[in-house]
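Reviewing the structure listed below.
Read-outs throughout are calculated quantities, based only on the coordinates presented, and are distinct from any laboratory measurement. Because the structure is a prediction, the values reported are computed rather than measured. Here the Cβ is made from the backbone with ideal geometry for all residues, glycine too, and neighbour counts use every protein chain on show.
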Amino acid sequence: MSKIALTLPDGSLKEVDRGTTALEVAQQIGPRLAAAAVACVYQGEPRDLTRPLEEDGDFSILTFKDELGQQVYWHTAAHVMAAAVLQVFPEAKPTIGPAIADGFYYDFDVHRPFTDEDLERIHARMHELVKADLPVERREVSRDEALALFADNPYKVELIEELEEGVPLTLYTVGDFTDLCRGPHLPSTSRVKAFQLTSVAASYWRGDENRASLQRIYGTAYPDARQLQEHLDRLEEAKRRDHRRLGRELELFTFFEEAGAGLPYYLPNGAMLRQLVCDYATQQHLRRGYQLLRTPHLIRADIWQTSGHAQQGYPMYYTDVEGVSYGIKPMNCPGHILLYKHKTRSYRDLPLRFFELGTVYRHERSGVLHGLLRVRGFTQDDAHIFCTPEQLTDELVGVLSFARDILGVFGFSDLETDLATRPEKSIGDDESWEKATAALAHALEVAGLEYHVDEGQGAFYGPKIDIKLKDAIGRLWQGPTIQCDFNLPERFDVSYVGEDGGEHRAVMIHRVVLAGIERFLGVLIEHYAGAFPMWLAPVQARILPITDRAVEYGRRVRDRLREAGLRVELDESHGTLNSKVRDAEILRLPYMLVVGDREAEAETVAVRHRAEGDLGPQPLEEVVARLVKENTPPQS
C-alpha cells in the first residue's frame, strides 16, 4: 500500500498508509490524544476523524481545548439533541442548530412551546442516544437528492435552494435523524460525555419577525462532568449579574414597550451613572486634543446615498419633511465630514480630531433587542480623525493607546484584538482596501499588540480593528473599534492643501472607544455586579438616622458631604435601622453613615463600608476626607 506524508504542527513528518483515517493517526501518536480527539484539520480543512486521508498535507488533531474543536463538539451535541427531539416530538420540523459561544442551540417548528417537562424528556432521550454509541455518519448527495429527502421540511428546502447548483451537499445521520450539514462531527454519540439543556426561548426563522415563529432549545456539553458543572456555575453567576435584573434592583433604567421597543429610559441613578461615564470620556478626549462637535439627528437622504449607507441596506429610519426624504442618523460620520468640509483645510490643521457623544438610531429587529446591550437608540463616543497619509500610523497607535488606557480605568485590562478585513458587500477599489488593511496591521505591530485576522468582518467602507474586553467572570464583549477609511474621503471629496500648495486627499479614521454608551453601561453593570467603584457609584453614601430626633443632624451631615462634591442621600423613612440598612445593601451603596443622638452630640458618624463592614464611629470631617479621596478616578 502506498504511503502519504503528513506534516504535523511541530513541522515533523509522519508517514502513514494512504486511506488511513485521522482517528487511526491519533491512535498511532498516542492513546490519550485519540481519546481526546474530536476532529482534525487536514490540508487546511476541518474534517471528520473517520474520513480517509489520501494525499500529503498539513495535519493536526483537534481536541476540546481548541476553539474549533469545541465548535465540533457542541455542533454534534446539537444533532444529538435534534435526534432526541424528533423521537419525543415526531411532528417537529428541525430548522438550524449551530454551535455558539459556550454551547449550542437548535430551532424547531412545533405546534406548541416547549415546557420544562419537555426538556427533561428530551434530556433523558439524549442520554439513551449517547449510551447507544450510535455512529455519526457522513454522506454526499446531489442537490436533487437533498430536495427529495427534505421535501416535507420547507426550512431545509429553502436552505438547499439557496445553495449553488452542481455542488455536492453533505448529510450527517444520527440514528433516525438526518440533517443537512457541512460538519465535521464527532465519530459517535458516546463521545458527548456531559451535557445539559439550559433553556428554551421563542425565535423566528432566520431572525425575521415577519416569518415563522419557532422554538429554540439551548444547551451545552463538555468532555466531563466537572467542566460542565463549572460552566453551569458560570451561567448562574451570569444570571446574578444580569444587567436587566440589576437595572430594576438598582433603579437604573427601564423600558416602556407601549412607547417603543429598544428605547431605554434612565431613572435618576442610571442617568447619574451614564453622566459620570460620559463626563469622564469627554475629559479624556479633550486631554488628547479632540475637539467637541454636535451634529443633527436628521440628515437628508441624498447624503446617505453619497456615503453608501443607503445602498448597503443599513438599518436606518427615514422620514419625509416637506416632500424631502431625511434619514435619522445611524452613525455620525457624514455629519463630521460636512463639518470638516465647511472650510478649506491646510496640512497645518492636521491631524484634526473631531469628537461627539452622538445619539444614533438603528432599525434593529425586535427579536434581537436585549436590555441595554442591543437597543434601537443609543449614544456613541464617536470620533473621526482627518490626517495626512504620513500621520496615519501615529494616529492609529494613539487611538490604540487611548482605548487601552480608558478601558483600564473602568476595570477592563484583559483585552483581545481582531483585525477585520473587507466584507463581501463593500465600496471602493482593491488598492484602497489593501492600503487601509496594511495601515491597521502596521499600527498593531508598532503598538506591540497580538491580533487575530477576522476575515470579511470589516465595515463596508474600510477594514477595522475590533477590541474585545474580558469581564470579571471571563466573558468577552465587543468594545472599541478603529476603522481606516480611504473610501468616504473619496466619495465626499475630503481634501487638504498640502505644503506644495496642491490639493491632497485626506485619510479618515473612524473610532469609538467605549463604543455604544448603552451597551458599555450594560457591560459595566455586569462586570461590577452593580457594586460600582466609589467614583462611579450614582449614590456614594446614604445617611441612616436611627430615630426621628437624628434626622436634623442627618440633614447637616448630608449637606456637608454635598458641599464636598459627594453624591449622598438621607433616608428619612420611618423604618427600622435594619430595614434601612437592608435597602441600602440592595442598592450596593459604597457607604452607609448611621447617625443617632450620640453621633449628633459628638459630630461623628458610624461608618458601614460595603466591603469592609462596620468601621465604627468616626469624626465627620475625617469621613468627609476619606470619601473625597476615594472619589477620584484612577489615572489613565
### Query
How would you rank 85-98, 133-146, highest first, on the average number of other Cβ atoms within 10 Å across their residues?
85-98, 133-146
### Query
When only C-alpha pairs under 8 Å and at least 6 residues apart count, what is the relative contact order of region 4-77, in percent?
33
### Message
With +1 on the Cβ of every Lys and Arg and -1 on the Cβ of every Asp and Glu, and nothing else charged, how large is the dipole of region 131-221 about its Cα centre, in debye rounded to the nearest 20?
### Response
620
## Note on the structure
Between the Cα axis of helix 268-287 and the main Cα principal axis of the chain, the angle (0 to 90°, nearest 10) is 90
### Query
Quick one: if you take sqrt(5λ) for each eigenvalue of the C-alpha gyration tensor of region 302-435, what semi-axes come out, biggest first, whole angstrom?
27, 23, 17
### Task
Considering Cα pairs under 8 angstrom that are at least six residues apart, work out the relative contact order of the chain and quote it in whole percent.
9
### Task
Determine the relative contact order of region 589-634: mean sequence separation of Cα pairs under 8 Å and six or more apart, normalised by residue count, in whole percent.
29
### Query
What translational diffusion coefficient, in µm²/s and rounded to a whole number, does the Stokes-Einstein relation yield for region 360-402 at 37 °C and a viscosity of 0.692 mPa s, taking the hydrodynamic radius as the Kirkwood radius over Cα pairs?
248
### Task
Taking the dipole about the Cα centre of the chain, with the C-beta of Lys and Arg at +1 and of Asp and Glu at -1, give me whichever of Pro351, Val446, Trp535 is farthest to the positive side.
Trp535
### Simple spin-label estimate for His363 and Arg211 in nanometres, 7 Å along Cα-Cβ
1.7
### Query
Expressed as cubic angstrom per residue, what is the convex hull volume of the alpha carbon set of region 144-278?
202
### Query
What base-10 log of the normalised intensity I(q)/I(0) is obtained for region 68-241 from the Debye formula, alpha carbons as equal point scatterers, at q = 0.16, 0.18 Å⁻¹?
-0.97, -1.22
#### Entry: Out-of-range pairs (alpha-carbon distance over 27 Å; input Lys329/Lys425; Lys65/Lys93; Lys239/Lys425; Lys65/Lys468; Lys341/Lys470)
Lys65/Lys93; Lys239/Lys425; Lys341/Lys470
### Message
Give me P(r) over region 1-119, computed from all C-alpha to C-alpha distances, binned every 10 Å, as integer percentages.
### Response
13, 35, 23, 18, 9, 2
### Query
Tell me, what HN-Hα J-couplings in whole Hz come from the Karplus equation 6.51 cos²θ - 1.76 cosθ + 1.60 at θ = phi - 60° for each residue of region 75-92, using x for Gly and Pro?
5, 5, 4, 5, 5, 4, 4, 4, 4, 5, 4, 5, 6, 7, 10, x, 7, 5
### Query
When all C-alpha to C-alpha distances in region 256-332 are sorted into bins of 5 Å, what percent of pairs does each bin hold, rounded to whole numbers?
3, 12, 14, 14, 16, 17, 16, 7, 1
### Task
Beyond 22 Å, what share of the Cα-Cα pairs of region 534-630 is found? Please give it as a whole percent.
17
### Task
Give a residue-ordered list of calculated ³J(HN,Hα) values for region 111-125 (Karplus: 6.51 cos²θ - 1.76 cosθ + 1.60, θ = phi - 60°; whole Hz; x for Gly, Pro).
7, 8, x, 5, 10, 4, 5, 4, 4, 4, 5, 5, 4, 5, 5
### Query
Plugging the Kirkwood radius over Cα pairs into Stokes-Einstein for region 3-63, at a temperature of 20 °C and a viscosity of 1.002 mPa s, what D comes out in µm²/s?
193
#### Entry: Isotropic mean projected area of the C-alpha convex hull, region 519-564 (nm²)
4.3
### Query
Taking every DSSP beta bridge that has both residues in the chain, what percent is antiparallel when rounded to the nearest 5?
85
### Environment charge of Arg18, counting only residues whose C-beta is closer than 15 Å and scoring Lys/Arg +1, Asp/Glu -1
-3
### Query
Each residue of region 45-50 in order: what ³J(HN,Hα) in whole Hz does its phi give by Karplus 6.51 cos²θ - 1.76 cosθ + 1.60, θ = phi - 60°, with x for Gly and Pro?
10, x, 9, 5, 5, 8
### Task
Can you tell me which of 533-546, 351-364 comes out highest on packing, and rank the rest after it, using the mean Cβ neighbours within 10 Å?
533-546, 351-364
### Query
Taking a quarter of the surface of the Cα convex hull of the chain, what do you get in nm²?
37.2
### Convex hull of region 420-522 built on C-alpha atoms - directionally averaged projected area, nm²
8.5
